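The values are calculated or read from the model by the stated rules, or taken from the named source; none is laboratory data. On a predicted model such as this, the values are computed, not experimentally measured, just so you know. Here the Cβ positions follow ideal geometry from the backbone for every residue, glycine too, while neighbour counts run over all protein chains shown.
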Ligand code: HEM
């Protein structure tokens, strides 16, 4: 065998000596380096677009990725840095590396996003990359990773729980009940003079309330006594870890199977087994109830919950699993994180705490006789809504996104309030990817003005025809934190209602004392994840007097 191979090789290269081979190699490498002076070898050329630096011959921006993978730099900070230093003026820029189809075009601009998410929506699906990243956690059929008909069916079905009637009854009742539990916990924290980890408490609140409203499952993660906060919630720990790993996979240079040999991969498989068994408990107990009680087993008979709706469609136990995980990521993380960032901003600008209190008192009452905020109260509280929106603008819960290009296309700047003069058309090719970062867009003066870095709820306020203050709705493409187009966030109203109701309940009834030393010396920052978690900070509550 060896003889046959070596003899055919010697036949092939018989007359070529080592020196000739070396020269041939050097010349071809040099020619390739001339052909690809700042991009990955094999990628298609692109004109009229800023190339993010450093970019080297043959390897393009590989070193940039390696720095991120080795955690020497952070992806969100890097996209922001490149946008504001190398692609000033809101210009698009491009990078090449051996992931995401070789070439990535960064389009941090509402005018480009409108083309990608509306004008030519079908050309920019989540595609194979998102499925590779999310498959083992959120499934390829889950609403977040799927495309086409599968996605559309999930979306239509799920939108039923956010219907107007369901909102007024089932959703609102659950939020109000959980706010009462939160209030009992905060009272206990006051009595025991104990500070609480605020981001963690918000996670517990949204996990508990969303599990109740969507799956009728009492996860028992929101205790009524502060001692209960010491017990880590295993589901949340595993879920957070799984999201961190999915985030690492975005730019993974090695194939997915290599995770079988890494410590992170081992930990991930263990976390996934625990997550699955946890969700199966929810599914199995509901299936058992359905067998006993028939098809409407939602506790609140005024409307069907999410699990019930999907069970009615005949989904199997295995198909229901990703439904639970997809909706938990949507319902738990995003709102909890937004609340954690809002209170961080309020620590920086305490004048807004007084303004919120002034504005909510006529609607929800005084500290000692405060009633929970109802869904219908939202329109009476534009200032509170503006504060929540402003936190979501600055700290978007989905801070970055990537889409696969299906067919060659020219992304033309379209419409939008923030169209920037002189934006070029952007040429993209099938198989490549486009990326945007809402985290960067909210920090771009070209989009939000010179004061873009400031927490300034006033930007979300305007007067209506009769001179009354109302919350200003910008175009979806400019205020893009809730996404835009056909895949616009399904839970926006829920998130905004929940965020406002929790903020009103806390600020109306309690004085909040932040740990100023901690906030100044090691201010909260974001954790690496698919979403935008806020690192822990502690708050001490005392009851407010009338
Ligand atoms: C402040 C809170 C929230 C923010 C900032 C937010 C933002 C977003 C964003 C940016 C997306 C697009 C994600 C992507 O395609 O990659 C999205 C999708 C989605 N969101 Fe939200 N979200 C929030 C709260 C919620 C809540 C409470 C729910 C309730 C279940 C929810 C349900 C969904 C669903 C189901 C989708 C998928 C829509 C689709 O692909 O058709 N969101 N959200």
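Okay, here's what the table says:
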| item | result |
| --- | --- |
| Among the candidates 6, 15, residue that is modelled with pLDDT under 90, out of contact with any strand residue (DSSP E or B) (no Cβ under 8 Å at 6 or more places or on another chain) and either surrounded by 12 or more Cβ atoms within 10 Å (Cβ to Cβ) or part of a loop (DSSP other than H, G, I, E, B) (or both) | 15 |
| Where residue 269 falls short, out of the listed (1) within 28 Å of residue 178 (Cβ to Cβ); (2) modelled with pLDDT of 90 or more | (1) |
| Of the criteria (1) touching a residue at least 24 places away in the same chain (Cβ under 8 Å); (2) more than 20 Å from residue 460 (Cα to Cα); (3) surrounded by fewer than 22 Cβ atoms within 10 Å (Cβ to Cβ); (4) within 28 Å of the chain's Cα centre (by Cα), which one residue 408 fails | (1) |
| Pairs with Cβ under 6 Å, 6+ apart, first in segment 328-353 and more than 20 Å from residue 510 (Cα to Cα) and modelled with pLDDT under 95, second more than 8 Å from the ligand (Cβ to nearest atom) and not in a helix (DSSP H, G or I) | 333/531 |
| Among the candidates 344, 388, 383, 327, residue that is over 20 Å from residue 530 (Cα atoms), within 12 Å of the ligand (Cβ to nearest atom) and part of a helix (DSSP H, G or I) | 388 |
| Within segment 391-405, considering residues that are assigned to a helix (DSSP H, G or I) and in contact with a helix residue (DSSP H, G or I) (Cβ under 6 Å, 6 or more places away or on another chain), the one surrounded by the fewest Cβ atoms within 10 Å (Cβ to Cβ) | 391 |
| Any hit, segment 475-498, residues being within 29 Å of residue 437 (Cβ to Cβ) and touching a strand residue (DSSP E or B) at 6+ places or on another chain (Cβ under 6 Å) | no |
| Residue ID - farthest from the chain's Cα centre (by Cα), chosen from residues in segment 513-537 that are part of a strand (DSSP E or B) and surrounded by 15 or more Cβ atoms within 10 Å (Cβ to Cβ) | 514 |
| Qualifying helices (runs of 4 or more DSSP H) (wholly inside segment 96-177; at least 3 residues being farther than 30 Å from residue 444 by Cβ) | 127-138, 148-159 |
| Residue count, segment 466-512 (criterion: within 15 Å of the ligand (Cβ to nearest atom) and part of a helix (DSSP H, G or I)) | 15 |
| Members of segment 418-458 found to be away from the ligand (no atom under 16 Å from the Cβ), touching a strand residue (DSSP E or B) at 6+ places or on another chain (Cβ under 7 Å) and outside any loop (DSSP other than H, G, I, E, B), listed by number | 426, 427, 428 |
| Search result, residues across segment 170-182 that are over 11 Å from residue 222 (Cβ atoms) and surrounded by fewer than 21 Cβ atoms within 10 Å (Cβ to Cβ) | 173, 176 |
| Residue 256 being more than 16 Å from the ligand (Cβ to nearest atom), closer than 27 Å to residue 398 by Cβ and surrounded by fewer than 20 Cβ atoms within 10 Å (Cβ to Cβ) | yes |
| Search result, residues across segment 271-290 that are over 16 Å from residue 211 (Cβ atoms), surrounded by 12 or more Cβ atoms within 10 Å (Cβ to Cβ) and without any contact (Cβ under 8 Å) to a residue 24 or more places away in the chain | 290 |
| Of all residues in segment 59-88 being surrounded by fewer than 17 Cβ atoms within 10 Å (Cβ to Cβ) and not in a helix (DSSP H, G or I), the one that is nearest to the chain's Cα centre (by Cα) | 74 |
| Residues (under 20 Å from residue 527 (Cβ atoms) and either free of Cβ contacts under 8 Å to residues at least 24 places away in the same chain or in contact with a strand residue (DSSP E or B) (Cβ under 7 Å, 6 or more places away or on another chain) (or both)) located in segment 392-405 | 400, 401, 402 |
| Residue under evaluation residue 29, criteria (1) in a loop (DSSP other than H, G, I, E, B); (2) at pLDDT 85 or above, criterion not met | (1) |
| Of all residues making up segment 330-341, the number that are closer than 11 Å to residue 532 by Cβ and within 8 Å of the ligand (Cβ to nearest atom) | 3 |
| Some residue of segment 44-53 being away from the ligand (no atom under 16 Å from the Cβ), modelled with pLDDT of 90 or more, more than 16 Å from residue 427 (Cα to Cα) and surrounded by fewer than 17 Cβ atoms within 10 Å (Cβ to Cβ) | yes |
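Every residue, every condition in (1) more than 14 Å from the ligand (Cβ to nearest atom); (2) crowded, with 20+ Cβ neighbours inside 10 Å, yes or no:
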| site | (1), (2) |
| --- | --- |
| 187 | yes, no |
| 191 | yes, no |
| 195 | yes, no |
| 201 | yes, yes |
| 212 | no, yes |
| 216 | yes, yes |
| 223 | yes, no |
